[in-house]
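Read-outs throughout are calculated quantities, based only on the coordinates presented, and are distinct from any laboratory measurement. Everything numeric here is computed off the predicted structure, so don't read it as measured data. Cβ placement follows ideal geometry from the backbone for every residue including glycine, while neighbour counts extend to all protein chains displayed.
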């Protein structure tokens, strides 16, 4: 187990594992496979990429195994051809299972010994036992902080001599059956899953500056069918959340309100001309749109102002739901907040200003009426070989690749290892179970 503390630094010195690694981002709108390796300067280079439109997937859940398998095979084959190598192991985002964040306080008796990796692993086992719920699988074990005897807020307790250790552990779990189905599907493609990572953590690992890990920062990833977010402070993940609203809903709003000929036409004008807030240069612009009237497609001019009025309410809904979920989780503070927005849905013009307006009341109270927030758009950092210069749509996939290539455990995550059998009887039972 590697358990690291993130120090404030303006220099990027990410150490990579040697060799080539692969990541698979299974989204509701697209499936992306990346194959890459680390460079000596600490950056990451993508050697091969493949992507295609999602099929057989809705709200992250696989609804048609045959269609989903064909789409995943296509994306992987494209990446393998470009990278000129085949892959056998892959890290995957968590597209299903309704992930849930929970925090546990785990007391552990050390007994006047020095805290080691072995002791932290036992703390993780205790946390796992306390958090285990029927029909759900634990995905992440993320330490927040520790109390070492009477010393509070210790981020890394290793090396401390103490009698008692109290750990505050963030657990993220998900429904087991959808994950088993996904692993079975990938096994049919002869791929072994190295691990699952929830999308907001993967995106955060891709787009955040090192300093932002240590500050009170929230990353919002606007995907296709869903929007996810992760809250950070002092290099630790305090909370994650998921909302069943995303860019696809905006596309459907445009198709319904304008009566476009197809969903693809609605997606086209959203991508090329979509804006969340009107500005003087575009207020009177007209765009050509293929509409359907009496089942007959025809071209017509529509103002960008009309398009903006369709898009903005849905974007406001997303940010208001994020604000409400953070408030319901107890993160209502009256200090200045930092938000980083990423994902394909973040590419709409002027989204930052609308985010500021709708997130400002997060943490508002009467004692500090000037509560405000800062918002920036997040794009993957220190990466080359991706197909576009603006790669916010690749934040999750690039974050996954960085996650599996990193020699350090991202955000101090503890990788659970099953206790090894000690007695002869336990060893015999373990061998028999493997053979069954």
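Structure values in brief
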{"read-out": "Extension gain, residue 190 back to residue 211 (0.36 nm per residue minus Cα-Cα distance, nm)", "value": "3.6 nm"}
{"read-out": "Footprinting exposure proxy for 46, 219 (fewest neighbouring C-beta atoms within 10 Å first)", "value": "46, 219"}
{"read-out": "Principal-axis tilt of helix 304-328 within the chain, Cα atoms, nearest 10 degrees", "value": "20"}
{"read-out": "Fraction of antiparallel bridges per DSSP, the chain only, in percent to nearest 5", "value": "75"}
{"read-out": "Region 100-174 - percent relative contact order, Cα under 8 Å, separation 6 or more", "value": "50"}
{"read-out": "Residue 288-residue 41 pseudo-label distance in nm [points 7 Å out on the Cα-to-Cβ vector]", "value": "4.3"}
{"read-out": "Anisotropy class of region 100-174 from Cα gyration tensor, a/c 1.5 cut", "value": "prolate"}
{"read-out": "The chain, relative contact order in percent, only Cα pairs under 8 angstrom and at least six apart counted", "value": "20"}
{"read-out": "Order by protection proxy (mean Cβ within 10 Å, highest first), peptides 246-256, 124-134", "value": "246-256, 124-134"}
{"read-out": "Whole-angstrom gap from region 206-269 to region 170-186, using each part's C-alpha centre", "value": "22"}
{"read-out": "Antiparallel %, DSSP beta bridges [both residues in region 210-380], to 5", "value": "70"}
{"read-out": "Packing-based ranking, highest mean first, of 231-237, 221-227 given that Cβ atoms within 10 Å are counted", "value": "221-227, 231-237"}
{"read-out": "Rounded tilt (10° steps) of 176-188 against the dominant C-alpha axis of the chain", "value": "80"}
{"read-out": "Estimated 222 nm signal from helices in the chain, with DSSP H stretches of n ≥ 4 weighted -39500 (n - 2.57), rounded to 500", "value": "-10000 deg cm²/dmol"}
{"read-out": "Order of 30, 320 - criterion: other Cβ atoms within 10 Å of each residue's Cβ, fewest first", "value": "320, 30"}
{"read-out": "For 405, 299, order by how many other beta-carbon atoms lie within 10 Å, fewest first", "value": "299, 405"}
{"read-out": "0 to 90° range, to nearest 10: angle between helix 117-131 axis and the chain longest Cα axis", "value": "60"}
{"read-out": "Rel. contact order, % - alpha carbon contacts under 8 angstrom, at least six apart, region 210-380", "value": "23"}
{"read-out": "Alpha carbon centroid spacing (whole Å) that separates region 288-317 from region 24-70", "value": "30"}
{"read-out": "Shape of region 160-300, Cα gyration tensor, a/c cut at 1.5", "value": "oblate"}
